[in-house]
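**Q** Mind looking over this structure? Questions follow.
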Amino acid sequence: MTALRTLFVASLTACSAGLAAAQEINIYSARHYPTDEALYSDFTKATGIKINRVDADDAGILARLKAEGSASPADVILLVDASRLWRAQVNEQFLPIRSAVLEKAIPENLRAQPDASGATAWFGLSTRARVVVYDKLKFKKSDVASYENLADAKFKGQLCVRSGSHPYNLSLFGAMTEHLGPQKTEVWLKGLVDNMARSPKGGDTDQIKAVAAGECGVAISNSYYLARLMRSGNPADRAVAEKVGVVFPNQSSWGTHLNIAGGAVAKHSKNVDNAIKFLEYLASPSAQNHFANGNNEWPAAKGVSFDNPALKAMTGGSFKSELIPISAVGMNQIKVQQMLDRVGFK
Ligand code: FE
């Protein structure tokens, strides 16, 4: 109640300052999950701030922001993947902000490095793991205990993976560059190319399906694509999920690679205070649950209790994830793309 009253007083203050239009915010979102609807309407109910949403994919949002320039009506940007968030940050499409709430809730490794003034350009709001899916008839879990194992000779002609230049792979390979150093990472990438069952094509779900169909023995996928198949209403999808095993790699070293979906205030927002308020709301425990569950991800905020049956079944409850700054992963993408070109990873 106190929180509501505070927000109400804050809105009155905004109105009396002649900012009546500040009672709506425009969100450009790359997330299109039905559960997000409840999130938005709860925010409006609690604060009186109306939400207008523009849905597009990540590339579409970034192109639109660029085209709109300083006339852009965007207040909040929601994107998936660390490398895209980093790209938008260096293209100055975000307004770095200070928020005690977000700085307390979101771990430092899951947000942008603060600028000289201590302001942060974007915050991770949910996390997803990049996992290895394998054919249970051909291989054992211990065959792929690490990402490094994917370059082993035993997987010759067995690996299915989407394009190396896709942000999800740029981020994984950017993380490998942090862990192994660039030389060893390039050798490893060459090993992946040598092990490919086919030239990269399709999305992560296509790789999982190709494993289930016997076309490949191992594949790389984000965790939520497998969770989606496990929870699908379509028996054919569930059959695919049942045929494959999943590994959260590098449990005995640095941990499984984590990526994020994140949020930021738009560079030219005319409603900065309300945009920050919305991001802070998304970091609250109940919103984190909705936000993460909507796409079978994990909350990014600290100490949020969370229950997703598919993710629990996949991990057995918990797993070790890497702790490197996700901002460094995004930063490595140019270097990674050059390595991919050199080793012929399409
Ligand atoms: Fe995805």
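The values are calculated or read from the model by the stated rules, or taken from the named source; none is laboratory data. All values reported here derive from a predicted model rather than from experimental measurement. With ideal geometry, Cβ positions are generated from the backbone for all residues, glycine too; neighbour counts draw on all protein chains shown. Side chains are part of the model used for accessible areas, which takes the heavy atoms of the whole protein and leaves out ligands, DNA and RNA. Shrake-Rupley method; radii C 1.70, N 1.55, O 1.52, S 1.80 Å.
**Q** Output the 0 to 90 degree angle, nearest 10, between the alpha-carbon long axis of helix 272-282 and the longest principal axis computed from the alpha carbons of the chain.
**A** The angle comes out at about 50 degrees.
**Q** Would you please give the residues with an amide H less than 5 Å from that of Val131, counting only those at least 5 places away or on a separate chain, with H modeled from the backbone geometry?
**A** The answer is Ser221, Asn222, Ser223.
**Q** Bin all alpha-carbon pair distances of region 52-130 at 5 Å intervals from 0 and give each bin's fraction as a whole percent.
**A** With 5 Å bins starting at 0, P(r) equals 3, 13, 26, 25, 19, 12, 3, 0.
**Q** Which one, Leu79, Tyr28, Tyr168, is farthest towards the positive end of the dipole of the chain when Lys and Arg carry +1 and Asp and Glu -1 on their Cβ?
**A** Of the options given, the answer is Tyr168.
**Q** Non-local amide H neighbours of Ser126 (under 5 Å, H modeled in plane, Pro and chain starts lacking H): which ones?
**A** Ala261, Ala300
**Q** Quick check: with the 1.4 Å probe, what order do Arg84, Arg130, Arg231 take by accessible area, largest first?
**A** Numbers: Arg84 40, Arg130 5, Arg231 120 Å².
The residues order as Arg231, Arg84, Arg130, largest area first.
**Q** As a check on your grasp of the helix formula, calculate [θ] at 222 nm for the chain: sum -39500 (n - 2.57) over DSSP H runs of n ≥ 4, divide by the residue count, round to the nearest 500.
**A** Theoretical 222 nm ellipticity from helices: -13000 deg cm²/dmol.
**Q** Given contacts defined as C-alpha pairs under 8 Å and at least six residues apart, what's the relative contact order of the chain, whole-number percent?
**A** On the way: 667 pairs, mean separation 97.0, N = 346.
That works out to 28 percent.
**Q** With axes computed from alpha carbons, what is the tilt in degrees of helix 167-180 against the longest principal axis of the chain, rounded to the nearest 10 within 0 to 90?
**A** On a 0 to 90 degree scale, this one is about 70.
**Q** Please give the solvent-accessible surface of Ser70 in Å², to the nearest 10, using a probe radius of 1.4 Å with every protein chain present.
**A** Roll a 1.4 Å probe over it and Ser70 shows about 80 Å².
**Q** Sticking with this structure for a sec: Calculate the all-directions average of the projected area of region 251-305's alpha-carbon convex hull, and give it in nm².
**A** Averaging across all directions leaves 5.2 nm² for the Cα convex hull.
**Q** About the Cα centre of the chain, how large is the charge dipole given +1 on each Lys and Arg Cβ and -1 on each Asp and Glu Cβ? Please answer in debye to the nearest 20.
**A** Charge dipole, the chain, about its Cα centre: 520 debye, nearest 20.
**Q** Looking at the calculated P(r) for the chain, what percent of the C-alpha pair distances fall above 39 Å?
**A** Looking at the chain, the distances longer than 39 Å represent 16 percent of pairs.
**Q** Let me ask something else. Placing +1 on the Cβ of each Lys and Arg and -1 on the Cβ of each Asp and Glu in region 81-204, which of Phe123, Asn109, Val187 has its Cα farthest towards the positive end of the resulting dipole?
**A** Going by the Cα projections, it comes out as Val187.
**Q** Something else: Which angle from 0 to 90°, rounded to the nearest 10, does the C-alpha axis of helix 2-16 make with the longest principal axis of the chain?
**A** Approximately 60 degrees, to the nearest 10.
**Q** Kindly work out what percent of the DSSP beta bridges joining two residues of the chain are antiparallel, to the nearest 5.
**A** Close to 65 percent.
**Q** Picking from Asn308, Ser286, Gly263, whose Cα lies most toward the positive end of the charge dipole for region 252-325 (charges on Cβ: Lys, Arg +1; Asp, Glu -1)?
**A** Toward the positive end, the furthest listed residue is Gly263.
**Q** When the Karplus curve 6.51 cos²θ - 1.76 cosθ + 1.60 is applied with θ = phi - 60°, which whole-Hz ³J(HN,Hα) does each residue of region 200-206 get, with x for Gly and Pro?
**A** x, 7, x, x, 4, 4, 5
**Q** Once amide H atoms are placed 1.01 Å from N in the peptide plane, what residues at a sequence separation of 5 or more from Lys136, or on another chain, have their amide H within under 5 Å of its amide H?
**A** Amide H neighbours of Lys136, under 5 Å, 5+ apart: Gly245.
**Q** Please say if region 250-346 is rounded, prolate or oblate, where rounded means a/c under 1.5 for a ≥ b ≥ c the square roots of the C-alpha gyration tensor eigenvalues, and otherwise the choice is prolate for a/b larger than b/c and oblate otherwise?
**A** Oblate, since a/c reaches 1.5 and b/c is not below a/b.
**Q** Taking one equal scatterer on every alpha-carbon of region 100-197, how large is log10 of I(q)/I(0) by Debye at q = 0.13, 0.18, 0.25 1/Å?
**A** Once normalised to I(0) and log-transformed, intensities are -0.60, -0.92, -1.38.
**Q** Tell me, in nm to one decimal, what length is gained between Ser165 and Asp341 on full extension, where the rule is 0.36 nm per residue of separation less the Cα-Cα distance?
**A** My answer for the length gained is 62.4 nm.
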